[in-house]
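Peer 1: Right, I'll just put the structure down here and ask away after.
The values are calculated or read from the model by the stated rules, or taken from the named source; none is laboratory data. Keep in mind it's a predicted model, so treat the numbers as computed, not measured. No Cβ is skipped: glycine too gets one built from the backbone with ideal geometry, and neighbour counts run over all protein chains shown. Accessible surface is based on the protein model in full, side chains and every heavy atom, while ligands, DNA and RNA are left aside. Shrake-Rupley method; radii C 1.70, N 1.55, O 1.52, S 1.80 Å.
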Amino acid sequence: MTRILRIDSSARPVSGGSRSRELADRIVGQLETQQPGAEIITRDLAARPLPHIANDTITGFYTPPEQLTDELTAALALSDQLIAELKSADTVVISAPIYNFSIPSALKAWIDHVMRITQTFAFEDGQFRGLVADRPVYVAYAYGAGGYASGGPLESYDYMRPYLTLLLNFMGVTSVESFAVEGTTADAAAVEASMAEALNQINVHLGG
């Protein structure tokens, strides 16, 4: 059975105006059409926030498995679970709005748990190497202002898409496709036009 891991990070639900979640809904819907019966695992990082990593978590990251105490094992349990979800997924869908030119802190907490030496990346002979097998990752981005696209006046202000793409690549995942809507704080007609364009791009790419 195909397994799709969906990760949402907007503080808003779709009913509250989350455009990134709306794009993710379309992506997942298209994937389900292609792969009937797919298992969907959803991580709503706003509805169920993850705790930030703590000292014991970091200590556990760098402790050899045979030296882990019960306390460190417990501190690593959530990281173990999140990494297992990621590695077991055939496809990953991530939705993220831009907050202060970068990703939401809820998504950063997830990243801090899954970016783990010997589990999702290795450092050997002076070089880093990703340990997560490549798989399709679809990312739905939402930008409050316009101009973040390539060549736009705000392109250099976008620390969200380059950062998330870098981290996925660093872990070994290079098959990353991005879909974005800009100007979500504009007037209703402009927002709907931008959404229609982004949704159409998803339809074209995923064969809808």
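Peer 1: I need the phi-derived Karplus couplings for segment 141-153: 6.51 cos²θ - 1.76 cosθ + 1.60, θ = phi - 60°, integer Hz, Gly and Pro marked x.
Peer 2: 10, 10, 10, x, 9, x, x, 8, 5, 3, x, x, x
Peer 1: Under the rule of at least 5 residues apart or a separate chain, name every residue whose amide H is placed under 5 Å from the amide H of Arg43.
Peer 2: Placed amide hydrogens put Arg6, Ile7, Asp8 under 5 Å from Arg43.
Peer 1: Sticking with this structure for a sec: Taking the chain on its own, what percent of its Cα-Cα pair distances exceed 25 Å?
Peer 2: On the way: 8706 of 21528 pairs.
The proportion of pairs with Cα distances above 25 Å equals 40 percent.
Peer 1: While we're on this one: Between beta-carbons, use under 14 Å as the cut-off and find the net charge around Gly37, counting Lys and Arg +1, Asp and Glu -1.
Peer 2: Details: positive: Arg3; negative: Glu32, Glu39, Asp90.
Summing Lys and Arg as +1 and Asp and Glu as -1 gives -2.
Peer 1: May I ask for the angle, rounded to the nearest 10°, between helix 161-171 and the longest principal axis of the chain, with both axes built from Cα atoms and the value confined to 0 to 90°?
Peer 2: That helix lies at roughly 30 degrees to the long axis.
Peer 1: Might you report the magnitude of the Cβ-based charge dipole of segment 105-208 about its Cα centre, with Lys and Arg at +1 and Asp and Glu at -1, to the nearest 20 debye? Write down the numbers at each step before the final one.
Peer 2: On the way: 5 positive and 11 negative charges, 70 e Å.
That gives segment 105-208 a dipole magnitude of about 340 debye.
Peer 1: For Ala180, list long-range residues whose amide hydrogen, built 1.01 Å from N in the peptide plane, is under 5 Å from its own amide hydrogen.
Peer 2: Hits under the 5 Å cutoff: Tyr141.
Peer 1: Using a simple charge model, +1 on the beta-carbon of Lys and Arg, -1 on the beta-carbon of Asp and Glu, nothing else, what dipole does the chain show about its Cα centre, in debye to the nearest 20?
Peer 2: That gives a dipole near 200 debye.
Peer 1: Across segment 1-56, how large is the tail of the calculated P(r) beyond 18 Å, expressed as a percent of all Cα pairs? Spell out each step's value before the answer.
Peer 2: Numbers: 667 of 1540 pairs.
Of all Cα-Cα pairs in segment 1-56, 43 percent lie more than 18 Å apart.
Peer 1: Another question, if that's okay. With a 1.4 Å probe and all protein chains left in place, how much of the accessible area of the chain comes from carbon and sulfur atoms, in whole percent? If you can, show how the numbers build up before the last one.
Peer 2: Details: 5380 of 10310 Å².
That share works out to 52 percent.
Peer 1: Now a separate question. Could you give the length gained on full extension between Met1 and Glu192, defined as 0.36 nm per residue of separation minus the Cα-Cα distance, in nm? If you can, show how the numbers build up before the last one.
Peer 2: Details: separation 191, 0.36 × 191 = 68.76 nm, distance 3.54 nm.
That pair, Met1 and Glu192, stretches by 65.2 nm at full extension.
Peer 1: Taking θ = phi - 60°, what integer Hz values does the Karplus form 6.51 cos²θ - 1.76 cosθ + 1.60 yield along segment 191-198, in sequence order, with x for Gly and Pro?
Peer 2: 5, 5, 5, 5, 5, 4, 5, 5
Peer 1: Which angle between 0 and 90 degrees, to the nearest 10, do you get for helix 19-34 versus the longest principal axis of the chain when only C-alpha atoms count?
Peer 2: Between helix and principal axis, roughly 80 degrees.
Peer 1: To the nearest 10 degrees, how steep is helix 105-114 against the longest Cα principal axis of the chain, on a 0 to 90 scale?
Peer 2: 40 degrees
Peer 1: Provide the gained length on full extension for the span Ala46 to Ile117, in nm with one decimal, where the gain is 0.36 nm per separating residue minus the Cα-Cα distance. Please list the in-between numbers first.
Peer 2: Values: separation 71, 0.36 × 71 = 25.56 nm, distance 2.61 nm.
Extra length available between Ala46 and Ile117 comes to 22.9 nm.
Peer 1: Also, quick follow-up: Can you find, among Gly16, Ala188, Ile117, the residue farthest towards the positive end of the dipole of the chain? Put +1 on the C-beta of Lys and Arg, -1 on that of Asp and Glu.
Peer 2: Ala188
Peer 1: Roll a 1.4 Å probe over the protein heavy atoms and report the accessible area of Ile58 in Å², nearest 10.
Peer 2: 80 Å²
Peer 1: Using modelled amide H (1.01 Å from N, peptide plane; none on Pro or chain starts), what sits under 5 Å from the amide H of Ala145, excluding residues fewer than 5 places away?
Peer 2: Amide H neighbours of Ala145, under 5 Å, 5+ apart: Gly183, Thr184.
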